[in-house]
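Some notes on the structure that comes next.
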There are 2 protein chains.
Amino acid sequence: MSLLSIGTVAFDSIETPFGNAERVIGGSCTYIALSASYFAPKVNIVAVVGDDFPQADIAQLQAQGVDTSGLQIKQGEKSFYWKGRYHHDMNSRDTLVTDLNVLADFDPVIPESYQDCEYLILGNLTPDIQRQVIHRLRKRPKLIVMDTMNFWMEVAMDSLRETLKLVDVLSINDEEARLLSGKSSLVKAAQDILQMGPKFLIIKKGEHGALLFHQNQVFFAPALPLEDVVDPTGAGDTFAGGFIGYLAQTGDISFDNMKRAIIYGSAMASFCVEKFGPEALTKLTAEALNARIREFVDLVQFEIELQ
Amino acid sequence: MSLLSIGTVAFDSIETPFGNAERVIGGSCTYIALSASYFAPKVNIVAVVGDDFPQADIAQLQAQGVDTSGLQIKQGEKSFYWKGRYHHDMNSRDTLVTDLNVLADFDPVIPESYQDCEYLILGNLTPDIQRQVIHRLRKRPKLIVMDTMNFWMEVAMDSLRETLKLVDVLSINDEEARLLSGKSSLVKAAQDILQMGPKFLIIKKGEHGALLFHQNQVFFAPALPLEDVVDPTGAGDTFAGGFIGYLAQTGDISFDNMKRAIIYGSAMASFCVEKFGPEALTKLTAEALNARIREFVDLVQFEIELQ
């Protein structure tokens, strides 16, 4: 079943206590698409780059099974560029540069061949554009997943709330859940946010795992304890891409299947952070992924017979 | 099988953003013993208080099945007193007052009736005293669990390392694991610490759950997402008490049973933080505990058939 991802395709420069990467391919749409491509038979993207974006990187996306006919290439313009520096704990970072470039006036155009998409994931972008994409699809997808960030809550909360009304699953981190709801307890934050539109809420806690809330149910998936975290950039998007990719592959959007999707998303994210940029996502084998899923099972499964 | 807990029995004054508690009964030994008493048939304590300690609070411990014949009462002296203030996120706190009082020259005396103990838990105290207790037991217990804190790593690391060589399970938090090992990755920290003596290492992550390491195995238990956390004081000791209490009840110290023990310990801690002081631990029913264990099962269990 076909899957459509919108978001950014960009250059990232990344500094961590363990090394640097200069102008590697990045952006929410890139990580989502690369991760989802391991599961979904067809991954379509709608995004924009400048004419500085290397053809080789586009070919790399295509080689992973990504349909790039919705990737606009703006002649005479430059691609979105982000530069950030991670702190020693790797859980927080400073943004050093954000050059919107082509993103400043991005008008998302949906190719005719994408109109049948059943799974839509709105990667981090202005909530206006996210909503525009939903309106430009003639048929509402079976499932709409939305990612966003604290920045939009600070500068575009009204628009964000409009978009929230239209989506099925919201994926944000713990700090963003607290900011969006004004509640410090994540359980209370989730109760509030589930009144805003989404029927499912994923709260990502980085190295501390992720929670899935739906009605009065809650599921928790840990992050795999890793020896070395090299670069957390794109981990959240990789998680979201694995999540929706698995749902699209199985065609089952029940709560029980979303649990599995969260485990697959967490496994994909665990690979992502072991290399700079999306490098790990382009070299992944089914055997390596299965081995990692087994590690998740071993990590959390226990048997208790209640007295 | 009998269980012996050493540690502090104290008065705590606690300030949180949600309220205050003045001079409630506290201390590592108190929380451990109250929590373990739900599982272990006999809980013995070795600790010291002053003559200001209310008989009613001792009677309360006895009513929960705690044998207090090892509780020394020093006439003319005052009990250990701690006062702390939690920050808004409830994950960090400032210590406002630490009056050692009777603790300054605590000489742990083991009653003859305790000499047969099979399960020993060394609550947070100077590593010298913890070691002394081990040496004063004529027969080495079947399992020795040790809790400690960053303070002893800063002022008594050599003594701490001596004590570590004698114990089976070490229970510390993530910050302490990093401090003890000098490694920021918890996986690497665990590898190092498992070379220092303990065969099992528990790393507590507060609201983010707990990890159990043994050889090349790792198990993770989440903390239950709670609507309201009223007072985190004693949560780590309550967790440790439930852990060793369950092991003593079942008489099984395998890795698989330790997984269950960690779930029981986490469930006990989840009750502890819902009230000020140890109040929740004195009113707990088997039904409430079983219901909470079921919540843990629902929270983390998933079914995946690997392809």
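Read-outs throughout are calculated quantities, based only on the coordinates presented, and are distinct from any laboratory measurement. This one's a predicted model, so the numbers in the text were calculated from it and none came from an experiment. For neighbour counting, all protein chains shown are included, and Cβ atoms are generated from backbone atoms with ideal geometry for every residue, glycine included.
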Taking just the alpha-carbon atoms of the range A:141-248, what radius of gyration and Dmax come out, in angstrom? 13.7, 42
Suppose every Lys and Arg Cβ carries +1 and every Asp and Glu Cβ carries -1, with no other charges. What dipole size does the protein assembly as shown come out with about its Cα centre, to the nearest 20 debye? 720 debye
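For chain B, what does -39500 (n - 2.57) per DSSP helix run (n ≥ 4), summed and divided by total residues, give at 222 nm, in deg cm²/dmol to the nearest 500? Don't jump to the answer; show the numbers that get you there.
On the way: 10 runs with 107 residues, N = 307.
Estimated from H runs of four or more residues: -10500 deg cm²/dmol.
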Position B:Asp107, label points 7 Å along Cα→Cβ, spacing to each other copy in nm (shortest first, one decimal): 8.9
Over the whole of A:253-261, what's the average partner chain Cβ count within 10 Å per residue? Rounded to a whole number, please. 2
Karplus couplings for the range A:5-15 from phi (6.51 cos²θ - 1.76 cosθ + 1.60, θ = phi - 60°), rounded to Hz, Gly and Pro as x? 10, 10, x, 9, 10, 8, 9, 10, 10, 10, 10
Among all the aspartates and glutamates, which ones have a C-alpha under 18 Å from B:Lys78's C-alpha, if same-chain residues fewer than 8 places away are not counted? B:Asp12, B:Glu22, B:Asp51, B:Asp52, B:Asp57, B:Asp99, B:Asp105, B:Asp107
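With 10 angstrom as the radius, rank B:Leu125, B:Leu306, B:Leu3 by how many other C-beta atoms surround their C-beta, starting from the fewest. Kindly include the intermediate steps, with their values, before the conclusion.
Details: B:Leu125 26, B:Leu306 10, B:Leu3 31.
Starting with the residue having the fewest Cβ neighbours, the order is B:Leu306, B:Leu125, B:Leu3.
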Charges at C-beta only: +1 for Lys and Arg, -1 for Asp and Glu. How large is the resulting dipole of the range B:2-300 about its Cα centre, in Debye rounded to 20? 880 debye
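How long is the gain from A:Ser113 to A:Ser69 if the chain were fully straight, where each residue apart is worth 0.36 nm and the alpha carbon distance is subtracted?
Numbers: separation 44, 0.36 × 44 = 15.84 nm, distance 0.88 nm.
Here the answer is 15.0 nm.
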Between copies, how far apart are the B:Gln55 label points? List them in nm, one decimal, shortest first, with each point 7 Å from Cα toward Cβ, please? 9.4
Which ordering of A:Glu207, B:Glu154 is given by a fewest-first count of other beta-carbon atoms within 10 Å? B:Glu154, A:Glu207
Would you list A:Asp107, B:Asp57 from fewest to most Cβ contacts within 10 Å? A:Asp107, B:Asp57
Simple spin-label estimate for A:Asp256 and B:Glu22 in nanometres, 7 Å along Cα-Cβ: 5.5 nm
Would you look at the GNM of chain B, springs on alpha carbons closer than 10 Å, and say which of B:Ala210, B:Ala286, B:Ala156 moves the most? B:Ala286
If I take R0 = 35 Å and measure r between the Cβ atoms of B:Lys283 and B:Ala156 in this structure, what FRET efficiency does the formula 1/(1 + (r/R0)^6) give, to the nearest 0.05? 0.40
Taking a label point 7 Å out from Cα toward Cβ, give me the nm distances from A:Gln195 to the same spot in the other copies, shortest first, one decimal. 5.4
Report the net charge of residues surrounding B:Asp52, where surrounding means a beta-carbon distance below 12 angstrom and charges are Lys +1, Arg +1, Asp -1, Glu -1. -1
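Taking the Cβ of A:Met90 as the centre, find all other residues whose Cβ is under 9 Å away and add up their charges (Lys, Arg: +1; Asp, Glu: -1). Intermediate results must be reported in sequence, preceding the final value.
Numbers: positive: A:Arg93; negative: A:Asp89, A:Glu207, A:Asp231.
With Lys, Arg at +1 and Asp, Glu at -1, the neighbours total -2.
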Return the sequence-ordered ³J(HN,Hα) values of the range A:25-30 in whole Hz as given by the Karplus equation 6.51 cos²θ - 1.76 cosθ + 1.60 applied to θ = phi - 60°, using x for Gly and Pro. 5, x, x, 4, 5, 4
Just to confirm a number: summing +1 for Lys and Arg and -1 for Asp and Glu over residues other than A:Gln132 whose beta-carbon lies under 13 angstrom from that of A:Gln132, what do you get? -2
Show me the three semi-axes of the equivalent ellipsoid for the range B:2-300, from the C-alpha gyration tensor (sqrt of 5 times each eigenvalue), largest first, rounded to whole Å. 25, 23, 20
Give the Debye-formula value of log10 I(q)/I(0) at each listed q (0.05, 0.06, 0.07 Å⁻¹), with one equal scatterer per alpha carbon of the protein assembly as shown, two decimals each. -0.25, -0.36, -0.48
Other-chain or far-sequence residues with amide H under 5 Å of B:Arg93's (modelled H): B:His87
